[in-house]
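This report concerns only the one structure given below.
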Amino acid sequence: MPIPNTSTLDGLRVLVVDDDLDSCVWITCLLEFYGIEVHSTFTVHQALTAFVEFRPDLVLSDIAMPDEDGYSLLRQIRQIEDRLDKSTPVIAVTALEELEARFSESEVRFDQWLLKPVDIDELVGAIAYLTGRSMLIGELTSSY
């Protein structure tokens, strides 16, 4: 899949949730390069508050976090969305590869799984696809 140019993702709003400061900073800088507005949080509680206030187009969440994990966040986001009749794509970003299989029978499912260290092309491609911006890629390349 071709990587979107910076204008393709311009204006998207992404909520990043990770208890690791370095990961948040790295992903934030990367996404801002593509013109994405990023709000970073470090806990599930912070993320839920930001989700309601920031109204992201997509959420990137780590799985293994202290206190509450990414699954707890996803369940609570889906409960909020049920009341709002809305759906937001949520991507799991984790170093724990075995969790996908362990929770494949869970009542909540992430829209996409990415393993750390995150491949930049894969991350940007997943964001473009899940937010409907990948269609713009085809339109941009077919016009040349």
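Can you confirm whether the range 10-32 contains a residue that is among the basic types (K, R) and modelled with pLDDT of 95 or more? Yes: the range 10-32 contains one or more residues that are among the basic types (K, R) and modelled with pLDDT of 95 or more.
Checking the condition at pLDDT below 95 and farther than 18 Å from D19 by Cα, which residue from F110, F54 passes?
F110
Evaluated against (1) aliphatic (A, V, I, L, M); (2) over 21 Å from W113 (Cα atoms); (3) at pLDDT 90 or above, L84 falls short on exactly one condition, (3).
Residues in the range 16-40 that are part of a loop (DSSP other than H, G, I, E, B) and open to solvent by 20 Å² or more (accessible area, probe 1.4 Å): 4 in all. In the range 42-90, the qualifying residues are those that are in a helix (DSSP H, G or I) and among the hydroxyl-bearing types (S, T, Y), and the one that is most open to solvent (accessible area, probe 1.4 Å) is T49.
Cβ-Cβ contacts under 8 Å between residues 6 or more apart (or on different chains), taken from a first residue in the range 98-117 that is under 15 Å from I27 (Cβ atoms) to a second residue that is at pLDDT 60 or above and in a loop (DSSP other than H, G, I, E, B), are listed as Q112/P89; L115/A95; L115/E97; K116/A95. Given the structure, is L99 in a strand (DSSP E or B) and either under 20 Å from I127 (Cα atoms) or at pLDDT below 95 (or both)? No: the conditions fail for L99.
The values are calculated or read from the model by the stated rules, or taken from the named source; none is laboratory data. Everything numeric here is computed off the predicted structure, so don't read it as measured data. Note that we place each Cβ from the backbone using ideal geometry, even for glycine, and neighbour counts take in every protein chain shown. What goes into the accessible areas is simple: the full protein's heavy atoms, side chains included, and nothing from ligands, DNA or RNA. Shrake-Rupley method; radii C 1.70, N 1.55, O 1.52, S 1.80 Å.
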